[in-house]
Amino acid sequence: MGKSFWRERRVLVTGANGFVGSWLCQRLLAEGAAVVALIRDHIPRANFYRLGLEGRCDIVAGGVEDFALLTRTVAEYEVESCFHLAAQAIIGVANHSPLSTFEANVRGTWNLLEALRLGKGVRAVVIASSDKAYGCHEKLPYTEETPLQPLYPYDTSKACADLIARCFFHTFGLPVVVTRFANIYGGGDFNFSRIVPGTIRSVLKGCDPVIRSDGTPERDFIHVDDVVDLYLEIGRRLPDGSVLGGVFNGGHNKPVRALDLVERIIALSGKKGVRPDIRGKGAGHGEIDRQWLDATKAKKVLGWEPKVGLDQGLARTIEWYREALESGG
């Protein structure tokens, strides 16, 4: 077997102890990367610590709002590649606290990009945008050419970060690629306001899972393993110049209604006597009613497509939380 592309490569991951960041760090370490993990808050239950990654990464304590910290980190650790995942990612929090969301998601992004621009030797920057950046459109699925027209705080913050990232490529030549994923799920997500982990936790505890909408909103769901695969493939391709400045969607292009998703989780869990508790009307304030992604470009350009089907991914995720609950997590 040949040498891994990532072996001894110095990689900065912002939001490293988040849901996706923890799995990405684990994969990078497995491939031999020297991972620098930017972590704002120490959350003992986070998947990052469950995986035992704290002893295998160089940890920088702080947030992307701190420009001086970022410039020091990029310079002192001689960062070559960066995955920017740090964000305030909960829509409800963004609706209640838009300023802190804009600080983290918008100012944090331009701070990081400027620090990377000033650094020497940075050859790959992958920015996590979101399908929410597209806003609401009648024509579905969204392609990478669909205009960004967000209306709500979280969506707007991700669209701003998305545009700023591409600005840094076109103006300064920073080697940037932007990703826009569908709803990401999998083990290790402790934001239980999200429909997949929240439903699984309720069902495993024998409680009726709450649906905050009327059950009709449609979303596409992608397993975190497929997300990490695409991140790593983009990171590998960036230094050769073939994807510079690009944008890639990541999803199945298979929308699922919220009610149908919850019912699938109940069925896959094997739990009896629980049923969806529908509480809302429509999609809910600050939420988009219908959205899913066309990821044809990622398949054509990168050879990537999701490998984990929804039922398979949900079954794996249910087992992850079952084991976590049984172990007192």
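Rule-based calculations on the coordinates, nothing more; no lab input. Just so it is clear, the model here is predicted, and its values are computed rather than measured. Glycine gets a Cβ as well: all are built from the backbone with ideal geometry, and neighbour counts include every protein chain shown.
Taken over segment 99-134, residues that are surrounded by fewer than 22 Cβ atoms within 10 Å (Cβ to Cβ) and under 11 Å from TYR154 (Cα atoms) amount to 4.
Residue-wise test of (1) among the β-branched types (Val, Ile, Thr); (2) part of a helix (DSSP H, G or I); (3) closer than 23 Å to PHE102 by Cα; (4) in contact with a helix residue (DSSP H, G or I) (Cβ under 6 Å, 6 or more places away or on another chain).
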residue	(1), (2), (3), (4)
LEU151	no, no, yes, no
THR156	yes, yes, yes, no
ALA161	no, yes, yes, yes
ILE164	yes, yes, yes, yes
PHE169	no, yes, yes, no
VAL178	yes, no, yes, yes
ILE184	yes, no, yes, yes
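Looking only at segment 231-242, which residues are surrounded by fewer than 23 Cβ atoms within 10 Å (Cβ to Cβ) and at negative phi? Full working, then the answer.
Step one: list which residues in segment 231-242 are surrounded by fewer than 23 Cβ atoms within 10 Å (Cβ to Cβ), which gives 232-233, 236-242.
Within segment 231-242, LEU232, GLU233, ARG236, ARG237, LEU238, PRO239, ASP240, SER242 qualify.
Contact annotation: residue pairs with Cβ atoms under 6 Å, 6 or more positions apart or on different chains, pairing a residue in segment 236-252 that is in a loop (DSSP other than H, G, I, E, B) with a partner that is aromatic (Phe, Trp, Tyr), are GLY245/PHE169.
Could you tell me which of the residues VAL93, VAL60 is among the aliphatic types (A, V, I, L, M), surrounded by fewer than 23 Cβ atoms within 10 Å (Cβ to Cβ) and in contact with a Leu (Cβ under 6 Å, 6 or more places away or on another chain)?
Details: VAL93 fails: in contact with a Leu (Cβ under 6 Å, 6 or more places away or on another chain).
Exactly one residue qualifies, and that residue is VAL60.
Summed over segment 52-102, the residues that are in a helix (DSSP H, G or I) and either of a type in the set (A, V, I, L, M, F, W, C) or within 28 Å of LEU230 (Cβ to Cβ) (or both) give a count of 14.
Any chance you could count how many residues in segment 165-211 are closer than 22 Å to SER81 by Cβ and either under 22 Å from the mean Cα position of the chain (by Cα) or of a type outside the set (Phe, Trp, Tyr) (or both)?
17
In segment 72-94, the residues that are farther than 30 Å from ARG194 by Cα reach residues that are of a type in the set (Asp, Glu) and surrounded by fewer than 24 Cβ atoms within 10 Å (Cβ to Cβ) with C-beta atoms within less than 9 angstrom, at least six apart or across chains, in these pairs: TYR77/ASP58.
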